[in-house]
Amino acid sequence: MKKKLASIISILSFSLALSTEVYSSNMKANLFGEWKCNSITKIEDGIIYENANSEFTKDGILIFEGKIIFYFNSKKALNYDSFGKYSWTISNNNINLTLKNLETKKTGFHGSHSLNLNRIIPTGSKAKFEIINLTNEVFVAGDKETMTYCFK
């Protein structure tokens, strides 16, 4: 669950089948700037939905601020505000993320199934997503459990 939680906070999914350095450079240039992102991750007892305002900087930092909602099949949903930073790189048609900082705050109802995301997801957690589409207006990435859609 820790690895899955670490990868879902990323709020990012991108993918294009590009293999040369020129394309990698173009991909990076398309990624720079501010995005509105939505992400869905399958978990054992439901889904995790995230939305965030995200910014990819030229120095390889991703800054995000948004909301995380855990929807469970058999329990009430859990809501969190989130803010954080990742370092990012692109290689072999993947975006690679390393968590530098995460701050979450519980909002709304939190029962006995509440999670302390700040404790569960350690700094240095890594995630890797295949880039499915990346233009200067659309960014889509994911893996078999998570899909992220971003728009400028």
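The values are calculated or read from the model by the stated rules, or taken from the named source; none is laboratory data. Every value quoted in this text rests on a predicted model; they were computed, and no experiment measured them. Positions of Cβ are backbone-derived with ideal geometry, glycine not excepted, and every protein chain shown enters the neighbour counts.
Numbers at a glance
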quantity: Whichever residue in region 68-93 is surrounded by fewer than 14 Cβ atoms within 10 Å (Cβ to Cβ) and in contact (Cβ under 8 Å) with a residue 40 or more places away in the chain and, among such residues, is farthest from the chain's Cα centre (by Cα); calculated: Asn92
quantity: Checklist (1) within 11 Å of the chain's Cα centre (by Cα); (2) crowded, with 20+ Cβ neighbours inside 10 Å applied to Asn51, failing item; calculated: (2)
quantity: Flag if Ser125 is under 19 Å from Asp143 (Cα atoms) and in contact with a helix residue (DSSP H, G or I) (Cβ under 9 Å, 6 or more places away or on another chain); calculated: yes
quantity: Region 128-141, residues that are surrounded by fewer than 23 Cβ atoms within 10 Å (Cβ to Cβ) and under 16 Å from Thr98 (Cα atoms); calculated: Lys128, Glu130
quantity: Residues of region 67-102 satisfying the condition of being on the phi > 0 side of the Ramachandran plot and touching a Ser or Thr at 6+ places or on another chain (Cβ under 7 Å); calculated: Asn93
quantity: Checklist (1) modelled with pLDDT under 95; (2) out of contact with any helix residue (DSSP H, G or I) (no Cβ under 7 Å at 6 or more places or on another chain); (3) within 28 Å of Lys152 (Cα to Cα) applied to Gly111, failing item; calculated: (3)
quantity: Those residues of region 94-121 which are more than 22 Å from Tyr71 (Cβ to Cβ) and in contact (Cβ under 8 Å) with a residue 24 or more places away in the chain, in sequence order; calculated: Asn94, Ile95, Asn96, Leu97, Thr98, Leu99, Lys100
quantity: Residue in region 25-48 that is modelled with the lowest pLDDT, counting only those that are of a type in the set (S, T, N, Q) and buried (at least 18 other Cβ atoms within 10 Å of the Cβ); calculated: Asn30
